[in-house]
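Have a look at the structure that comes next, please.
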Amino acid sequence: MKFLPFLIANLLRKKVRFIMTIGSFTIALFLYCILATIERSFNQGVEVAGADRLVVINKTSIISPLPFSYKERLTQIPNVKHVTYCVWFGGIYQSEKNFFPQQAIDLKTFRDMYPEFKVVPKYWEAFKKDREGCIVGPSTLKRFGWKVGDRIPLRGTIWPGTWEFNICGTYDGTRGDDDLTQFWFRYDYLDERRLPEFGKGTVGWYMVKVDKIDRAAEVVAAIDKRFTNSAYETKTDTEKSFAADFVKQIGNIKLIMLSIGGVVFFTLLLVTGSTMSMSVRERVGELATLKTIGFSDTTVLLLVMAEALTVGLVGGGIGVIVGKIYTLTGDPTGGLLPIFYLAPQNMITGLGLGIFIGMLSGLMPALFAMRLRIVEALRRV
Amino acid sequence: MVSVNGNTHESALIQVRNLDKKYQRGSEEIHVLQGLNLDVDEGEFVAFMGPSGSGKTTLLNLLGGIDLPSSGSITVAGDEISHMSGSKLTAWRARHVGFIFQMYNLIPVLTAFQNVEIPLLLTSLSKADRRTHVEAALAVVGLTDRMHHYPRQLSGGQEQRVAIARAIVSDPTFLLCDEPTGDLDRHSADDILNLLERLVKDFRKTILMVTHDPRAAERAQVSLHLDKGVLIEGQKTGR
């Protein structure tokens with residue numbers, strides 16, 4: 001602590017350079033936070049997927065439907081605990097830019113499948129009573145300024161026409177990563193209005209919950225075997241695997257993020273290392289004087305390392321805080337990244353990266369300062 | 001008492017025996033100091049004079065433990081420093097030597113107070129004790145009213161006085177001054193020399209000073225001459 005004023009004075013000796021170096025860290029760490037948030041958002045489905053849940057889709061493709069009659073047949077398969085079904089609606093609210101996920105759900109079975117989503121009883125009761133009702137996630141409510149009791153028009157893209165819904169309530173997630181942008185409405189309302197040639201009597205996909213996780217593989221095989229050679233063959237997978245495959249279709253997001261982040265941090269290391277070296281070389285005479293007075297080689301090394309550490313800590317800390325504040329403002333893409341959430345572990349990793357880069361950039365100049373020979377250095381003064 | 005003949009002088013604070021310093025410059029070996037002997041008692045003010053390249057600064061560096069001799073020994077207050085390890089020598093310097101440089105060598109981003117405090121950061125003194133010591137040192141050099149000024153806000157003479165305060169703040173065994181008036185005008189130089197004299201007379205400090213300036217050398221009690229690495233008995237100045 002007694003060296004703190006000395007440390008601060010040294011850091012602030014060239015204020016513009018100090019601010020620019022701190023700024024480099026801030027920008028790099030802010031970028032890291034955004035990349036980590038995007039990567040997390042893409043993989044959010046994988047992260048929160050239930051280990052005991054299976055997804056059953058049409059073997060041809062996910063956009064091909066499955067018959068409603070499969071529900072009973074799925075229920076009869078051994079080790080199947082619950083079955084529910086959903087239909088992707090794909091409606092537009094005012095403009096294509098206002099994307100949010102909408103799905104028709106089965107009122108009776110949906111909540112057994114997704115206990116992580118909590119709906120207060122009065123909202124659910126209202127939803128049960130209103131055929132045109134819907135439950136809307138808090139993020140979507142906030143985004144459009146909707147409130148419970150509002151009537152919302154959506155323009156159908158798969159099923160034409162204007163569909164109107166009454167907001168009966170909202171839900172909450174029990175985990176930090178839960179998607180709070182969803183819009184649920186009743187399957188019976190959808191099926192009643194759509195025409196026979198537009199998929200009446202079909203569902204988009206089934207969700208199956210197994211009674212024992214270790215039986216999931218057996219159940220997957222049993223389901224697909226049951227519908228082999230039928231008009232609607234199925235492809236079943238665990239929810240986690242399904243979500244991971246879905247992300248893979250977009251590309252290797254993690255690799256892209258790591259590549260960008262790697263380039264940014266490597267550049268930061270070069271820039272900061274060069275700045276720290278310059279800063280130390282300018283002070284050769286002062287460092288020699290300190291050593292003459294009695295500062296040991298180790299103390300001089302630690303002083304330089306402490307400067308580098310402080311730059312990394314302060315710049316990185318500001319970057320992480322700015323990143324967190326930015327992510328708190330919500331998804332900037334208008335719905336493509338429903339979970340725009342900077343997790344605490346990403347913040348800690350970011351801060352750790354800032355400190356690590358700071359220390360690494362200070363290592364060579366610190367070693368130079370440590371090895372400085374007093375007599376030679378004093379001659380340069 | 002100061003002598004350069006190598007006769008054993010048990011009470012001497014500083015004893016130098018057969019001191020040699022050689023440098024290798026390419027294939028050429030340069031003998032900077034050759035078989036040098038020196039005894040200096042506590043409370044002496046000794047000036048070293050000589051032409052450029054005569055080895056004055058090298059001698060000062062060796063006495064201050066910032067360079068090592070090629071052969072010979074240096075004993076200060078009973079400590080043989082010529083064979084000390086680097087870390088021991090560093091600790092020894094912090095305890096025993098106060099350095100005063102021609103260019104003051106103050107840290108420009110620290111105030112006069114903070115510059116003087118630097119050597120005390122290596123001790124276990126409390127903040128309050130450090131303050132007491134720093135204020136006392138600045139009072140000795142007459143800069144109490146300038147303690148919160150930065151070096152750029154001080155004149156050359158004032159900067160050198162801060163450097164002297166820094167050198168004496170930890171109460172070292174002796175002071176080494178390398179051309180302390182070399183960058184000052186005559187008036188400021190006189191002030192600094194007066195101050196050094198006062199440190200010897202009032203505080204019984206031992207001072208070894210390298211200088212080119214005969215007027216500065218006259219202020220020392222003994223003036224020694226170095227030529228081609230050999231120390232020649234100088235004259236007592238009578239001060």
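What follows draws every value from the coordinates through simple rules; no lab data is involved. What you are looking at is a predicted structure, and each value in this text was computed from that prediction instead of being measured. Glycine also receives a Cβ, built like all others from the backbone with ideal geometry; neighbour counts cover every protein chain displayed.
Give me a single rounded figure for A:292-305: the average over its residues of other chain Cβ atoms within 10 Å of their Cβ.
Average neighbour count from other chains, rounded to a whole number: 5.
Taking amide H positions as placed 1.01 Å from N in the peptide plane, with prolines and chain starts having none, which residues 5 or more places from residue B:209, or on another chain, fall under 5 Å of its amide H?
Distant-sequence amide H within range of residue B:209: B:46, B:47, B:48, B:177.
Now a separate question. What distance in nm lies between label points placed 7 Å from Cα along the C-beta direction at residue A:367 and residue B:87?
2.0 nm
In addition: Would you kindly derive the ³J(HN,Hα) couplings of segment A:5-20 from the backbone phi angles with the Karplus curve 6.51 cos²θ - 1.76 cosθ + 1.60 (θ = phi - 60°), listing them in order in whole Hz, with x for Gly and Pro?
Result, ordered by residue: x, 5, 4, 5, 4, 5, 5, 8, 5, 10, 4, 4, 4, 4, 5, 5 Hz.
Kirkwood-based Rg over Rh for segment A:53-105 (C-alpha set), two decimals?
Taking Rh as the inverse mean 1/r over Cα pairs, Rg/Rh reads 1.08.
Given H placed on each backbone N at 1.01 Å, which residues far from residue A:203 in sequence or on other chains put an amide H within less than 5 Å of it?
A:66, A:68
Add -39500 (n - 2.57) for each DSSP H run of 4 or more in the protein assembly as shown, then divide by its residues: what number comes out at 222 nm, to the nearest 500 deg cm²/dmol?
That comes out to -14500 deg cm²/dmol.
HN-Hα J couplings of segment B:218-224 from phi, Karplus 6.51/-1.76/1.60, θ = phi - 60°, integer Hz, Gly and Pro as x?
Once rounded to whole Hz, the list reads 4, 6, 6, 6, 9, 10, 10.
Could you work out, residue by residue across B:103-111, how many beta carbons of other chains sit within 10 Å of that residue's beta carbon, and then give the average as an integer?
5
Sort segment A:319-381 into rounded, prolate or oblate with this rule: let a ≥ b ≥ c be the square roots of the eigenvalues of the Cα gyration tensor; rounded if a/c is under 1.5, and if a/c is not under 1.5, prolate when a/b is larger than b/c, oblate otherwise.
prolate
If you don't mind, there's one more thing I want to ask. Net charge near residue A:189: determine it from the other residues with C-beta under 13 Å of the C-beta of residue A:189, scoring Lys and Arg +1 and Asp and Glu -1.
0
Another one. Given labels modelled 7 Å from the Cα in the Cβ direction, how far is it in nm from residue B:149 to residue A:221?
For residue B:149 paired with residue A:221, the spin-label model returns 9.1 nm.
Given a 10 angstrom Cα cut-off, can you work out which residue in B:101, B:203, B:174 is the most mobile in a GNM of chain B?
In this elastic network of chain B, the residue with the biggest mean-square fluctuation among B:101, B:203, B:174 is B:203.
Taking the Cα centre of segment A:60-232 as origin, sum charge times position over the Cβ atoms of Lys and Arg (+1) and Asp and Glu (-1), and report the length of that vector in debye to the nearest 20.
The calculation lands at about 180 debye.
Net charge around residue B:69, counting only other residues with Cβ within less than 14 Å of its Cβ (Lys, Arg = +1; Asp, Glu = -1)?
0
Hey, got the Cα dimensions of segment A:215-370 along the principal axes, in Å, largest first?
In descending order, the Cα extents are 89, 33, 24 Å.
Compute the normalised compactness of segment A:60-232: alpha-carbon radius of gyration over 2.2 N^0.38 Å, N being the residue count.
Normalised Rg, Cα atoms only: 1.08.
Right, another one. Near the amide H of residue B:149, under 5 Å away, which other amide H atoms are found, from residues 5 or more places off or on another chain, if H is placed in the peptide plane?
Here the answer is B:112, B:113, since their amide H atoms fall under 5 Å of that of residue B:149.
Given B:22/B:56; A:97/A:142; A:59/A:128, which pairs have Cα atoms separated by over 24 Å?
Pairs exceeding the cut-off: A:59/A:128.
Counting other C-beta atoms within 10 Å, and keeping those with at most 12, which DSSP coil chymotrypsin sites (Phe, Trp or Tyr not before Pro) do you find in segment A:169-204?
Within segment A:169-204, no chymotrypsin sites (Phe, Trp or Tyr not before Pro) qualify (loop, at most 12 other Cβ atoms within 10 Å).
Determine ³J(HN,Hα), in whole Hz, for all residues of segment B:132-141 in sequence, where each value follows from phi through the Karplus function 6.51 cos²θ - 1.76 cosθ + 1.60 and θ = phi - 60°; x replaces Gly and Pro.
After applying 6.51 cos²θ - 1.76 cosθ + 1.60, I find 4, 5, 5, 5, 5, 5, 5, 5, 4, 8 Hz.
Could I ask something else about it? So for the protein assembly as shown, what are the equivalent ellipsoid semi-axes in whole Å, largest first, each being the square root of 5 times an eigenvalue of the Cα gyration tensor?
Result for the protein assembly as shown: semi-axes of 85, 24, 18 Å.
Would you mind working out the magnitude of the charge dipole of chain A relative to its Cα centre, with +1 at each Lys and Arg C-beta and -1 at each Asp and Glu C-beta, to the nearest 20 Debye?
It works out to roughly 1080 debye.
In segment A:1-144, if every C-alpha pair distance is counted and binned at 5 Å from zero, what percent goes to each bin?
Here the calculated profile for segment A:1-144 is 2, 6, 9, 13, 14, 13, 9, 6, 5, 5, 5, 4, 5, 3, 2, 0.
Given N residues in segment A:92-150, what is its alpha carbon radius of gyration divided by 2.2 N^0.38 Å?
For segment A:92-150, the normalised Cα radius of gyration is 1.21.
Also, quick follow-up: How long is chain B along each principal axis, judged by its Cα atoms, biggest number first, in Å?
48, 41, 38
Shifting gears a bit: In the neighborhood of residue B:106, defined by Cβ-to-Cβ distances under 14 Å, what is the net charge if each Lys or Arg adds +1 and each Asp or Glu adds -1?
+2
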